[in-house]
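A quick write-up on the structure given underneath.
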Amino acid sequence: MIVAIAGPIGVGKSTVARLLAQHLGYRYISGGEVFREIAQRRGISVTEVNKLAEGDPSLDRELDRRQRELAQQGDCVVESRLSGWMVDADLKVWLKAPLDVRAERTAGREGQAVSAARADLVERERSEWSRYKEFYGIDVGDLTPYHLVIDTTRWSAEAIAEAVAMMAKTAKVLKGSGARGPGPGM
C-alpha cells in the first residue's frame, strides 16, 4: 500500500505524513528532506536550489526517480509537492491552506518574519510551479489525480492523519479484495 501526501509549502505535509506513517506502521519518504539535503550539501538556501533547478531539470528528476524507487518497495507514505503525480499511489491526498496561514507556519519553523516567509513562499512556488509546468506539463492547480483534498486550517495534523489512516485501511482492504479503491474526486 502506497499513500501519497502532497500540497504546497507550509500546509503540514511532513507532519501529517509522519503521523500517518506511524498510524499505519509504514515507512516515511520525504521529498522535502531530500531537496533540503541538496541545498545543505551545496551550502545554499532551498530558494537558491530552486533557482538552479530552473535551468537544470536533473535536480527535480533525480528527486522524482529516487522517490519512485523507494515507494516501489510498498507500505509507505510518500510526501512531496508532486507525489500525487509522480508516485503510483493507492491513495493520493492533497493538503491545502491559505497563503497567509502557510506563511505564519513557515515563519515559525524557519525563525523569520511572517512578511519574509510570505515573500519566500511566493518566490519558491513561482519557481517550482513554472518548472513543474515546463518539465512535466503539470498544472499544480489541477487536483484531479487526488482522491482526497483536505484544508489543514481547520483540523490538527493528528486528526487529519487519523482520518487518512482510516481511508488508507479501507483502500487496502478494497485493493486486496479486487474491488475498486477510491476514485479521483472522492
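The values are calculated or read from the model by the stated rules, or taken from the named source; none is laboratory data. Predicted model only: the values in this text are computed from it and were never measured. We place every Cβ from the backbone using ideal geometry, glycine too, and count neighbours over all the protein chains shown.
Quick notes
- Long-range neighbours under 6 Å by Cβ, at least six apart or interchain, first residue at positive phi within the range 7-29, second assigned to a loop (DSSP other than H, G, I, E, B): 12/152
- Any chance residue 69 is within 18 Å of the chain's Cα centre (by Cα), at pLDDT below 80 and not hydrophobic (A, V, I, L, M, F, W, C): no
- Residue within the range 68-79 that is of a type in the set (Gly, Ala, Ser) and surrounded by 13 or more Cβ atoms within 10 Å (Cβ to Cβ) present: yes
- Residue ID - farthest from residue 63 (Cα to Cα), chosen from residues in the range 108-128 that are at pLDDT 90 or above and touching an Asp or Glu at 6+ places or on another chain (Cβ under 9 Å): 114
- Per-region count, the range 135-159, residues farther than 23 Å from residue 74 by Cβ and either free of Cβ contacts under 8 Å to residues at least 40 places away in the same chain or hydrophobic (A, V, I, L, M, F, W, C) (or both): 15
- Scanning the range 15-53 for residues that are of a type in the set (Lys, Arg) and in a loop (DSSP other than H, G, I, E, B) yields a total of 0.
Here's the yes/no breakdown for (1) among the small types (Gly, Ala, Ser); (2) surrounded by fewer than 20 Cβ atoms within 10 Å (Cβ to Cβ):
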{"position": "41", "(1), (2)": "no, yes"}
{"position": "55", "(1), (2)": "yes, yes"}
{"position": "89", "(1), (2)": "yes, no"}
{"position": "102", "(1), (2)": "no, no"}
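- Selection count where residues are at pLDDT below 80, of a type in the set (A, V, I, L, M) and under 19 Å from residue 7 (Cβ atoms), scope the range 20-50: 1
- Residue match in the range 1-14 (condition: of a type in the set (Gly, Ala, Ser) and part of a strand (DSSP E or B)): yes
- Note on the range 46-58: residues that are without any contact (Cβ under 8 Å) to a residue 24 or more places away in the chain and over 13 Å from residue 123 (Cα atoms) total 4.
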